[in-house]
Amino acid sequence: DVKVTQSSRYLVKRTGEKVFLECVQDMDHENMFWYRQDPGLGLRLIYFSYDVKMKEKGDIPEGYSVSREKKERFSLILESASTNQTSMYLCASSPEVAGAETQYFGPGTRLLVL
Amino acid sequence: SQQGEEDPQALSIQEGENATMNCSYKTSINNLQWYRQNSGRGLVHLILIRSNEREKHSGRLRVTLDTSKKSSSLLITASRAADTASYFCATGSGGSYIPTFGRGTSLIVHP
């Protein structure tokens, strides 16, 4: 079974802190994604990566950066956390197949910024 | 931007009844996927149907796709309380690696 893990289920941070969310997948997938999910807004893509050291902005990249130094690991970084970044963060991976095939999601990290 | 839109937004039924939820989309697709999300958890892939397929089954799930109407439906037969979750459709198009998700249908199955 594909397994996508996220470093924390729940996280509480203070405004202005630098926050790292880690995601690891064990299926040798080329593509990895970071979404945030908010009530009424559905899933919104923050960044995705199609290869090591490669990244593309999604729909809402402002306030975020990412790092992919190894194929299995994709990190989301909040440079200076703000209260409007309180949300559920979901990581996903998928194989390199054009046409957007199945995504495999991690369990999510619920982040609260105070 | 969201391409898939689920309908209804919320659905409440009794255990044993069937649940039907629909997804409409706007542009041509390669495939359409359905996912389930239990409260506070990640999304779990349920089924993928390709644009040249009309119907697909997986256990108690039945998915149909009508590309002429740009719509899909997910039927859960003989529902159980454990089916309580949010259900999302996602469309895959062209050469993109990124599926486009709808906002989901919230299903509650009362025991």
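Considering each of B:T20, B:T27, B:T67, B:T77 in turn, give the residue that is more than 21 Å from A:L90 (Cβ to Cβ), exposed (fewer than 12 other Cβ atoms within 10 Å of the Cβ) and β-branched (V, I, T). Can you show your working first?
Working: B:T20 fails: exposed (fewer than 12 other Cβ atoms within 10 Å of the Cβ); B:T67 fails: exposed (fewer than 12 other Cβ atoms within 10 Å of the Cβ); B:T77 fails: exposed (fewer than 12 other Cβ atoms within 10 Å of the Cβ).
Criteria check complete, one pass: B:T27.
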State whether one or more residues within the stretch A:82-94 are at pLDDT 95 or above, open to solvent by 40 Å² or more (accessible area, probe 1.4 Å), out of contact with any Gly (no Cβ under 9 Å at 6 or more places or on another chain) and more than 14 Å from chain B (Cβ to nearest Cβ). yes
Any chance B:R60 is more than 11 Å from the chain's Cα centre (by Cα), open to solvent by 50 Å² or more (accessible area, probe 1.4 Å) and away from chain A (no Cβ under 11 Å): yes
Can you find even one residue in the stretch B:83-102 that is touching a residue at least 60 places away in the same chain (Cβ under 8 Å), buried (at least 16 other Cβ atoms within 10 Å of the Cβ), in contact with a Phe, Trp or Tyr (Cβ under 8 Å, 6 or more places away or on another chain) and not in a strand (DSSP E or B)? yes
Restricting attention to the stretch B:17-57, the residues that are farther than 19 Å from B:G104 by Cβ and in a strand (DSSP E or B) number exactly 4
Which members of the stretch B:1-16 meet the condition of being surrounded by fewer than 20 Cβ atoms within 10 Å (Cβ to Cβ) and assigned to a strand (DSSP E or B)? B:E5, B:D7, B:A10, B:L11, B:S12, B:I13, B:Q14
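The values are calculated or read from the model by the stated rules, or taken from the named source; none is laboratory data. Worth saying up front: this structure is predicted, and the values here are computed from it rather than measured. All Cβ positions, even for glycine, are placed from backbone atoms using ideal geometry, and neighbour counts span all protein chains on display. Just so you know, the surface numbers come from the protein's heavy atoms only, side chains and all, with ligands and any DNA or RNA stripped out. Shrake-Rupley method; radii C 1.70, N 1.55, O 1.52, S 1.80 Å.
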